[in-house]
Structures are given as C-alpha cells and as structure tokens.
Amino acid sequence: MLVLLIVSYIGAMAQEPPGSAATAYHVFGHCHDYGTALGLKASVFAVFKQGRQKLAVCKETGDFDVLLPVSATHLALEMNGYRSVSIPVYFTPDIPADARFGIGNWAAMARLDSLPIPAGQGGSIALYFTVTDSLDIKYTLTSLTNAAKKLIAPISYPRLKNRSFTFPITPDDYLATVSMATTPKFQTDGTLRSSEKITLKPGVTFKSVRIAKPTGSTLPGSATPNSTPIELPLSIYILYFDQSSPNLRPGVKATLDSLAEKLVKQPTLLATVTGYTDNVGKRELNLVLAEYRAKAVASYLRQRGVLADQIVAKWEGPDKKASAEDPEAVKTISRRVVVLLAPR
C-alpha cells in the first residue's frame, strides 16, 4: 500500500504540465548530527491531520529529496538514538509543478544524551523563483507590525543554478516586494515589480515567485518606459494611536504629510489603509475603533490633495497577535494603522 501511494504521487507529478499546481513537491535537505555535523540515515515522514506516511530514508551522507504532499502538515525526521524532529510545513497556492524547495537548517538532529537544539527564529521561507530572463532582483519581506524587521534577499540569474532559496525569518505578517537590482552590489534602482501581503507561520512556508522582464527594458534592472520608480523603504507605513483613540498624533500627521506628497506626485500609486486595535474590550467596539482610525488616515490624506481613488480604507479590528493578557508594550504596537503603497 505504501509503494502504491508513493507511485501515485510520482504519477501525479509526471502528468502535471510545467507551470501548474501539483499535489506534491520535491523537498530536499541534509539530515545531520547537530553536534558533529555528520550526515545521518534518518527516516523521513509526511505527517497529516490523520496518520503519516514514510517517504524515504536519507542517504549515507544525510541527503534526502522527497515528494512531500501539499496536504501534509509536518515533515518529520526520526532515527534511533536521536530526538525526533517535526517541522510544520505550509504550501502557498499557485506553485508550479516542477518547483523544488530546500528546508535549510531544519534537518539537524540532537542525540538523546545531549542538550536539545537551541530554538531559532521559529520560521523560514523557502522560495522557488521563476525568472523569464537574466535579471538581478531584490526580494524583500517587511514586517507589518514592525517596519524595522525585514529580510532582503538579493537573487541573480542565470549565475545561480539553484532556483530555490531558504531564509530564516520570524513568523509574522509581511509585505513581500520584488524590485529590480543593479550589479555588482545589488543596489535597488527603486523599480517595484510586485508586492503582496503574506503570513509566515512557525515552520517552513513554501512559496513560488514569478518574475518577468519589464516590457521595453534593454538592460537588467531598467524601468519600464511608462512606470514611475517606487522607493521600497517607503512602501509601508505604520502609524500608532493612543489607547481607545482614533485621533491622529502630531508625529503621525507629519508622516502622513510626507506620504501625501508622494501620492500626489505619483498618481499611479494606490494606498491601502488598514486599521487595527488591541484586544482589550468588546470586539464590536474595537471594530468600530479600527474603522475610525482607518477613515481618519484616509480623510487626512484626501485633505492633503490625494485623489479619493488612490485610497482604499479597510479595518480588521483587534490584532490577532495580541491579547488582553499581553504586556502593555504588545498592546501599544497593536493600536495602529498600516498603509501599504503599491502600483494600481
């Protein structure tokens, strides 16, 4: 039965045309002893909500390459004499069938008679890039709760043969942006190619990134003729509020003045304004407060000359990461409005 299951997954992969989603993806890694770094012949399992399936046994070197079903919730490693490793896994939609992902340093195992492996950041993102031309890009993840927390990954094609990259990063909500870069120092030229909101959970998140060469460009990193460069550090604004208040702080108004000036000069930009609150009190009242905060920001931008159709206001209410029992510092950063800039 086990053999039939594995064969069925291989068959499904073979029938999927390149570029389409699949029921399982190649995931590779290197299982090793945390203390000695020597490879281990551990068993690799896919764990589901109900039951699990053995996928392979690592080679003598510790290397493995398995077909991991998208329905799996964890990838597990087991070996006699070692603490088992269980890695939460998540696949985002629209991953091409030929995608291959690494899991980075998650496959280290500690002996039963040794100390446990120290906890890391708690999360990683495994990226599979599909690039239509030879391009140098920057993939940036900026936290939506703390703009200072970000990951900047320079990627070069075709110089790197492996199109899969894995980076450790703290679980959070992020704004993911792709921008053109210039060699050799990968300094961004400010041209934003795409942006989206993604949520990274504890464990490994597998994601595909597709990038096409800008229309009309003759050099890697050059902007399209009709596009206006966007400065990536200004693609996200986090505005904080006083407890139970929708009123704009003086410092917030100064930030919005700068943001309004940018939007007026670049009418092709769209500002998405999202209101949040802490988790203290009734949810219904917090939703109203989040709405008032978002509308206060949107109204201020319009008063400064920003076109109404350049602004989308929405509200999500109590921050899911905060609770009434959290320290005041956590509640403080939950009382916020997040403004995202992106091309229309």
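The values are calculated or read from the model by the stated rules, or taken from the named source; none is laboratory data. Owing to the predicted nature of the structure, the values given are computational and were not obtained by experimental measurement. Positions of Cβ are generated from backbone atoms using ideal geometry, with glycine treated the same way; all protein chains shown enter the neighbour counts. Accessible surface is based on the protein model in full, side chains and every heavy atom, while ligands, DNA and RNA are left aside. Shrake-Rupley method; radii C 1.70, N 1.55, O 1.52, S 1.80 Å.
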query: Is it the case that Leu67 is touching a strand residue (DSSP E or B) at 6+ places or on another chain (Cβ under 7 Å), within 21 Å of Ala22 (Cα to Cα) and open to solvent by 10 Å² or more (accessible area, probe 1.4 Å)?
result: yes
Residue pairs qualifying under the 8 Å Cβ cut-off, at least six apart or on distinct chains, with the first in the range 40-53 being within 14 Å of Trp106 (Cα to Cα) and the second being among the hydroxyl-bearing types (Ser, Thr, Tyr) and open to solvent by 20 Å² or more (accessible area, probe 1.4 Å), are Leu40/Tyr82; Ala42/Tyr82
Restricting the range 49-93 to residues that are outside any strand (DSSP E or B) and under 23 Å from the mean Cα position of the chain (by Cα), the one nearest to His26 (Cα to Cα) turns out to be Val70
Filtering strands (runs of 3 or more DSSP E) wholly in the range 124-194 for at least 2 residues that are under 20 Å from the mean Cα position of the chain (by Cα) and modelled with pLDDT under 85 gives 136-143, 150-156, 172-182
Filter the range 92-122 for residues that are open to solvent by 40 Å² or more (accessible area, probe 1.4 Å) and among the hydrophobic types (A, V, I, L, M, F, W, C); the one that is modelled with the highest pLDDT is Leu112
Considering the range 76-106, residues that are in contact (Cβ under 8 Å) with a residue 60 or more places away in the chain and among the aliphatic types (A, V, I, L, M), and then whichever is farthest from Arg163 (Cα to Cα), we arrive at Ile87
Could you say whether any residue in the range 326-336 is open to solvent by less than 10 Å² (accessible area, probe 1.4 Å) and either out of contact with any Phe, Trp or Tyr (no Cβ under 9 Å at 6 or more places or on another chain) or modelled with pLDDT under 75 (or both)?
no
Residue hits (the range 276-295; open to solvent by 50 Å² or more (accessible area, probe 1.4 Å) and of a type in the set (S, T, N, Q)) are Asn279
### Task
Confirm whether Ala42 is among the small types (Gly, Ala, Ser), farther than 16 Å from Val70 by Cβ, at pLDDT 90 or above and open to solvent by less than 10 Å² (accessible area, probe 1.4 Å).
yes
**Message:** Within the range 261-275, does at least one residue satisfy the condition of being at pLDDT below 95, more than 27 Å from the chain's Cα centre (by Cα), open to solvent by 50 Å² or more (accessible area, probe 1.4 Å) and on the phi > 0 side of the Ramachandran plot?
**Reply:** no
Per the filter on the range 21-38, residues open to solvent by 30 Å² or more (accessible area, probe 1.4 Å) and either small (Gly, Ala, Ser) or modelled with pLDDT under 90 (or both) are Ala21, Gly35, Thr36, Ala37
Those residues of the range 254-272 that are free of Cβ contacts under 8 Å to residues at least 24 places away in the same chain and β-branched (Val, Ile, Thr) come to a total of 1
Of those in the range 192-202 that are out of contact with any helix residue (DSSP H, G or I) (no Cβ under 8 Å at 6 or more places or on another chain) and more than 16 Å from Lys150 (Cα to Cα), the residue surrounded by the most Cβ atoms within 10 Å (Cβ to Cβ) is Arg193
